[in-house]
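Report on one structure; see the data block that follows.
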Amino acid sequence: MPSNTRPAYQLKVGQWIVNAEARRDAKGRIAIYKIPGGDGGGTFEVAGINDRYHPATAEHLRDLIKLGQHTAAETLAVEYICSYTDIVAPWCRWSCVEAFLRDCAFNRGPGGAAKIFQLALGVKVDGHVGPKTLSASNDLDDRRAFLKALRKARESYELKIAPPIGARKKFWSGLVNRWDKALAFAESMA
């Protein structure tokens with residue numbers, strides 16, 4: 001969905017993710033970040049868009065930055081993150097839940113976000129959001145309580161479903177911080 005037709009709250013979520021992910025230069029402009037070994041995300045990223053999982057877009061962003069087109073790079077990063085995470089939009093009727101799920105989808109992919117969503121709903125965890133998952137979502141009546149359940153499910157996913165924690169142990173405190181900030185952001189939309 002082009003940004004001129006995308007709802008403003010989705011662009012706000014995309015910008016929040018960019019701000020949470022991006023390294024910036026001394027002038028506050030979006031910058032290229034060399035990924036440390038053991039991160040698993042490739043060799044470089046721009047606003048979390050890395051050359052391992054998003055090679056064409058990462059290279060395009062890198063080229064824009066090298067050409068000094070930082071504003072264009074930031075706009076592209078926001079739109080790309082929104083587009084990449086659009087799959088979660090129909091899963092729940094609340095924009096605050098969508099915001100949290102978009103962050104999950106960007107960090108763990110659509111399948112990971114689906115599993116986090118299913119864990120929070122207490123339904124079968126298979127990574128495919130179908131009629132049973134959507135029915136459980138439609139039955140929700142407390143958005144703030146469900147956001148807290150999503151935050152708990154996100155941590156549970158990392159501990160029980162994602163690759164072994166040993167490989168990511170040095171990143172754990174940063175992950176927890178990110179999940180808490182994503183929760184606070186989503187709660188601000190509730």
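Before moving on, here are some points about what is shown:
- For the chain, the normalised intensity computed at q = 0.09, 0.12, 0.13, 0.15 Å⁻¹ comes to -0.32, -0.58, -0.68, -0.90 (log10 of I(q)/I(0), Debye sum over alpha carbons, equal scatterers, no solvent).
- Comparing mean-square fluctuations of 103, 139, 63 from a GNM of the chain with C-alpha springs under 10 Å, the top value falls on 139.
- The range 89-153 - Debye-derived log10 I(q)/I(0), Cα point model, q = 0.22 Å⁻¹: -0.83
- Heavy-atom surface of the range 1-109, accessible at 1.4 Å and reported per residue (Å²): 46
- Most mobile listed residue (58, 114, 145) in the chain, GNM with C-alpha springs under 10 Å: 145
- 0 to 90° range, to nearest 10: angle between helix 55-66 axis and the chain longest Cα axis: 40
- Inter-centroid distance (Cα atoms) of the range 84-107 relative to the range 12-56, Å: 20
- Net charge contributed by nearby residues that have their C-beta within less than 14 Å of residue 127 (K/R +1, D/E -1): +4
- Per-atom-type breakdown for the chain gives carbon and sulfur 54% of the accessible area (1.4 Å probe, protein chains only).
- Between 0 and 90°, nearest 10: helix 8-21 axis offset from the chain longest Cα axis: 60
- Note on the chain: lysine pairs with Cα distance below 18 Å, sequence gap of 8 or more or different chains, count 17.
- Label-reachable residues, the range 70-84, where backbone N falls under 14 Å from a point 7 Å from residue 56's Cα toward its Cβ: 80, 84
The values are calculated or read from the model by the stated rules, or taken from the named source; none is laboratory data. Bear in mind the structure is a predicted one, so any value in this text is a computation, not a measurement. Every residue, glycine among them, receives a Cβ derived from its backbone with ideal geometry; neighbour counts consider all protein chains shown. Accessible surface is based on the protein model in full, side chains and every heavy atom, while ligands, DNA and RNA are left aside. Shrake-Rupley method; radii C 1.70, N 1.55, O 1.52, S 1.80 Å.
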